[in-house]
Amino acid sequence: MGYGLMLVDVQRNMLEGETAIARADEFRQVLAGLLEAARDAGVPIVHVQNDGAPGDPDEPGTRGWESVLAPAPGEPVVRKDDPDTFLSNPALADVLHAMGVDTLVVAGLQSEVCVQATALGALERGFAVVVPSGAHATFDGDVPADEIVARVTLELDAAGVEVVELDEVTFR
């Protein structure tokens, strides 16, 4: 299997300041560790950046829009305006397949929106998809974030996504 890592919407508007998710620093470290493991394994890495509408916290060009984990040289940044990264980037699946990726590890924000939509979009395009527990998060709302994350994890598992513990991700 050829692995790849897709980091979804790891942007300042969700991980810094007043608009940050709960435990943002801890979550950023989880993603940084996953990114380091992928780099050490030499697998393709794609950073996904959401383009919010004018006035949104992730409006392109604003501080909130910026990525928190800087891409290394050769790591593409893919912009999107749809929760499913693949809908905003129709050629992305072909590019990843051409790079030898058949298993995509998906992590980032927000669990019930872009992470879920992108993971399911990858499944629809023929990828095996792995979502590590603890590597996707969201905001507290009417329902606590932990409950949303747990529900999304169950839904992804039921849809055919492989949900694994974070320390089980080896990129091999």
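The values are calculated or read from the model by the stated rules, or taken from the named source; none is laboratory data. Just so you know, these numbers come straight off a predicted model, no measurement behind them. Heads up, the Cβs are rebuilt from the backbone with ideal geometry, glycines too, and the neighbour counts pull from every protein chain shown.
Observations on the structure shown:
- Candidate set: the stretch 129-151, residues that are more than 16 Å from the chain's Cα centre (by Cα) and assigned to a loop (DSSP other than H, G, I, E, B); chosen: the one surrounded by the fewest Cβ atoms within 10 Å (Cβ to Cβ): 142
- Any hit, the stretch 44-61, residues being surrounded by fewer than 21 Cβ atoms within 10 Å (Cβ to Cβ), touching an Asp or Glu at 6+ places or on another chain (Cβ under 7 Å), within 23 Å of residue 126 (Cα to Cα) and of a type in the set (D, E, K, R): no
- Test: residue in the stretch 69-82 that is among the aliphatic types (A, V, I, L, M), more than 23 Å from residue 18 (Cβ to Cβ) and touching a Phe, Trp or Tyr at 6+ places or on another chain (Cβ under 9 Å): no
- From the options 96, 87, residue that is of a type outside the set (Val, Ile, Thr), without any contact (Cβ under 8 Å) to a residue 60 or more places away in the chain and touching a Lys or Arg at 6+ places or on another chain (Cβ under 9 Å): 87
- Considering residues of the stretch 18-40 that are more than 16 Å from residue 133 (Cα to Cα) and of a type outside the set (A, V, I, L, M, F, W, C) only, the residue surrounded by the fewest Cβ atoms within 10 Å (Cβ to Cβ): 18
- Flag for residue 130 being under 19 Å from residue 93 (Cα atoms), of a type in the set (Val, Ile, Thr) and touching a Gly at 6+ places or on another chain (Cβ under 8 Å): no
- For the stretch 42-71, a residue qualifies if it is of a type in the set (Gly, Ala, Ser) and in contact with a Leu (Cβ under 9 Å, 6 or more places away or on another chain), and exactly one does: 67.
- With respect to the conditions (1) within 15 Å of residue 159 (Cβ to Cβ); (2) not in a loop (DSSP other than H, G, I, E, B), residue 126 lacks only one, and its number is (2).
- Any helices (runs of 4 or more DSSP H) falling wholly within the stretch 1-106 and containing at least 3 residues that are small (Gly, Ala, Ser) and at pLDDT 95 or above: 24-41
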